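Contents: one structure, followed by commentary.
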Amino acid sequence: MTALATLAPRTTSAPAYAVPERVLTVFTAQVVETRGLLARIAVQLNPYDVRELTLCLETGTLRIVVEGNGFDAGRVAARLDKIIGVLEVSSARGPVPGPLSS
C-alpha cells in the first residue's frame, strides 16, 4: 500500500501597512578651510534631520545628507554657502527606497 500526502502551498500575507517613501537631499560642496568648519555647519543644520556628514580632507569635499521634504533645499544651500571655507554648494533631492547603509 502506498500513501501520498499533498501539502497545501504556504502563503505569506503582506503587512497591512505601507512604509512611507523616504526623501533625502544630498548637499555637496568644495571646502578650502577645515578649522572650526564642522561646528559652523552644525549651527546652520541644527533644525534639520541630518543623516550623514562627511568631509574628505584629500579632495576637500563636504557631503551632507538630510532626510525629509519639509524644507527648502535652496535656502539650506544658501546658508551653507555663507560659511567661510565652503564653496560651490549644490544639492540633489530624491527618494530612497531603504535605510542608509552605515
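Extension gain for Arg93 to Tyr17 (0.36 nm times residue separation, less C-alpha to C-alpha distance): 24.8 nm.
Summarised as an ellipsoid, the stretch 22-102 has semi-axes of 21, 14, 11 Å, derived from the eigenvalues of the Cα gyration tensor scaled by 5 and square-rooted, with the largest first. Distances between placed amide hydrogens fall under 5 Å for Thr61 paired with Val31, Cys56, all partners being 5 or more residues away or on another chain. Applied to the stretch 18-30, the Karplus parametrisation 6.51 cos²θ - 1.76 cosθ + 1.60 on θ = phi - 60° returns per-residue 3J(HN,Hα) values of 10, 7, x, 6, 8, 10, 10, 10, 10, 9, 10, 7, 8 Hz, with x for Gly and Pro.
Thr28 exposes around 50 Å² of accessible area when a 1.4 Å probe is run over every protein chain in place.
The values are calculated or read from the model by the stated rules, or taken from the named source; none is laboratory data. Computed from a prediction, not measured in an experiment: that's the story for all the values here. Please note that ligands, DNA and RNA were not included when accessible areas were found on the heavy atoms of the full protein model with its side chains. Shrake-Rupley method; radii C 1.70, N 1.55, O 1.52, S 1.80 Å.
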